[in-house]
Ligand SMILES: Nc1ncnc2c1ncn2[C@@H]1O[C@H](COP(=O)(O)OP(=O)(O)OP(=O)(O)O)[C@@H](O)[C@H]1O
Ligand SMILES: [Mg+2]
């Protein structure tokens, strides 16, 4: 039996697992990283968190440099940065694909949740509730196990690598949340919108497309962006089912350096990547929420 | 059955309507001739809105019949779109589409429902906006207009479908006293042009001025009706008298 599920193995038992990685040439860069990071953040809060991180790193690195010959923590992190960046690129890619699929499915499911047909409505509701109340990790395992590694369509074989299955696994909860947001947004519009469109001769589908959906966009945008940030922060889950991303690369880096003192700075560094990516999104979400709240 | 102008354009016969066990209309009959303006008045909860909504099938009925230009409205076979083209409706809460400008609101139904050419529709829409005295507000969004202005856009939007009958359900009830007048003037213009209008209103002075016929409803039945002068001055039913003494 083909078992696609790869439980995380100890990377030390997998020599040759690491791609060839040349350490960065310049070691003078930490300052550069600092300024680059700063330009991403606009609020005091972000700067405060970042400063705390840099201070703790600096302190660790100073202690190390004082102790002797080994490379300092910052230098080590810098050395692994290209690999971690590549890993984070996978996280971003997985999050964007899952979000796209989940959004499209969720919008459709949400519309079905307000269908005039009672059976369709109930089925859509059940599907939504099922996926909304399932742990994301369990959904991921199910997708990895249940989706075949390749699918035959009209004689051509379409491969289904693990990362694609993971994308589908993560898109399911996104779909469920979107479906609920969509239903809520549709039902929050006054019934007069339906009635006036009806009395002007619009069909139900036309009313949905031209009158209702355009008005839901404004209401959906903040929770949608929030959901994206939550999804991005959940992407490290895919490392548990054997898909490469920043966490699995971080573990690999730690294994190859074999330095206990690097553990905490490394994971802090990984946190930093997520923070820098997600913090501006939540800031923007708050701004949009405030703006819409004032307007309507 | 063919319809001709000597027969009622809207004929309501013994209509019964219930919401669950609550009987809201208990056999209402009204005939309206083409070009007539009728006002329906009565206490809150007497079923005025329900009646007017039954005329364009926003509500279904449990008994009786309603015909518009000879066609039964509550007929399974009815082409809803045919009815929508004949009957326009204006609501108390305007119900404009907030994401569209005034002009787009007026243009939308003729463009998307009747599928008429855009140039024609736009010309007509601009003329209608002028007619409701809102020149210069074509590109304003509903949120940027006053209640009275929004209601006039809503009237223009209904007229853009070229209806034969207009239904108005307490269209001034949500407005400030100062803006009520501008909407009433618009409706008066329409009536003067020969539009068949069915109005639910609490504006007694206006009803007296524009209506050809007044119907007083209470608890789902028509208690009394007549031409404005005899209705307001010679009401005989005690319920009508009591209502009039409260509102006049
Ligand atoms: N969709 C509905 N479901 C259940 N009951 C309803 C519904 N619509 C109206 N009713 C009831 O029907 C009765 C008549 O309502 P209707 O809106 O026709 O009164 P109205 O004469 O227009 O009153 P108002 O002057 O307050 O607008 C009321 O008792 C109301 O509670
Ligand atoms: Mg009413």
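Residues of region B:198-240 falling in the label zone of residue B:31, defined by backbone nitrogen less than 16 Å from a point 7 Å along Cα to beta-carbon, are B:213-214, B:225-227.
Which whole-number percent is the relative contact order of region B:33-127 (Cα, under 8 Å, 6+ apart)? Don't skip to the end; give the middle numbers.
Details: 42 pairs, mean separation 12.6, N = 95.
Across region B:33-127, relative contact order equals 13 percent.
Translational D (Stokes-Einstein, µm²/s) of region A:151-264 at 20 °C and 1.002 mPa s when Rh comes from the Kirkwood sum over C-alpha pairs?
On the way: Rh = 18.2 Å.
For the chosen part, D equals 117 µm²/s.
Taking every pair of alpha-carbon atoms in region B:1-92, what share in percent sits in each 5 Å bin, from 0 to the bin with the longest distance? With a bin width of 5 Å, the distribution comes to 3, 12, 25, 26, 21, 9, 3, 1. What separates the Cα centres of region B:1-62 and region A:126-201 is a distance of 46 Å.
Can you tell me the relative contact order of region A:72-290? Whole percent, Cα pairs under 8 Å, sequence separation 6 or more. Numbers along the way, then the final one.
Details: 232 pairs, mean separation 64.2, N = 219.
Over region A:72-290, the number comes to 29 percent.
Working note: 222 nm ellipticity from helices only, DSSP H runs with n ≥ 4, each -39,500 (n - 2.57), summed and divided by the residues of chain B, gives -11000 deg cm²/dmol to the nearest 500.
To one decimal place, what Kirkwood hydrodynamic radius in Å is obtained for region A:72-290 from all pairs of distinct Cα atoms? Please list the in-between numbers first.
On the way: mean 1/r = 0.0509 Å⁻¹.
For region A:72-290, the Kirkwood estimate is 19.6 Å.
Of the peptides A:140-146, A:75-81, the order by per-residue mean of other Cβ atoms within 10 Å, starting with the highest, comes out as A:75-81, A:140-146.
For a distance above 14 Å, tell me the whole-number percent of Cα pairs in region A:227-296 that qualify.
Above the 14 Å cut-off, region A:227-296 has 68 percent of its Cα pairs.
Alpha-carbon geometry of region B:39-149: the Rg and the Dmax are 16.7, 47 Å, given in that order. Given region B:92-154, report the % of alpha carbon pairs whose separation exceeds 16 Å. Percent of Cα pairs beyond 16 Å in region B:92-154: 39. The angle between the Cα long axis of helix B:102-112 and the longest principal axis of the Cα atoms of chain B comes to about 80 degrees, rounded to the nearest 10. Modelled this way, with points 7 Å down the Cα-to-C-beta line, the labels at residue B:230 and residue B:82 are 3.6 nm from one another. Rounded to the nearest 5, what % of DSSP beta bridges with both residues in the protein assembly as shown are antiparallel? Antiparallel bridges make up about 60 percent of those DSSP assigns within the protein assembly as shown.
Using only the C-alpha atoms of region B:10-247, find the volume of their convex hull and express it per residue in Å³.
Dividing the Cα hull volume of region B:10-247 by its residues yields 127 Å³.
Compared with the dominant principal axis of the Cα atoms in chain B, helix B:238-247 is inclined by about 40°.
Kirkwood analysis of the Cα pair distances in region A:196-259 returns a hydrodynamic radius of 15.8 Å. Between 0 and 90 degrees, the angle of helix B:118-131 with respect to the longest Cα principal axis of chain B falls at about 60 degrees.
In units of the compact-protein estimate 2.2 N^0.38 Å, the protein assembly as shown shows a Cα radius of gyration of 1.40.
Averaged over the residues of peptide B:87-93, the number of Cβ atoms from other protein chains lying within 10 Å of each residue's Cβ is 3.
What is the distance in Å between the Cα centres of region B:148-182 and region A:216-292? Taking the Cα centre of region A:216-292 as reference, the centre of region B:148-182 is 53 Å away.
Of B:197, B:39, B:54, the residue with the greatest mean-square motion in the GNM of chain B, using alpha carbon springs below 10 Å, is B:54. The three principal axes of the Cα atoms in region A:91-194 give end-to-end lengths of 50, 32, 21 Å, sorted in falling order.
We did not get these values from a lab; they are worked out from the coordinates using the rules stated. The structure displayed is predicted, hence computed values, not measured ones. For neighbour counting, all protein chains shown are included, and Cβ atoms are generated from backbone atoms with ideal geometry for every residue, glycine included.
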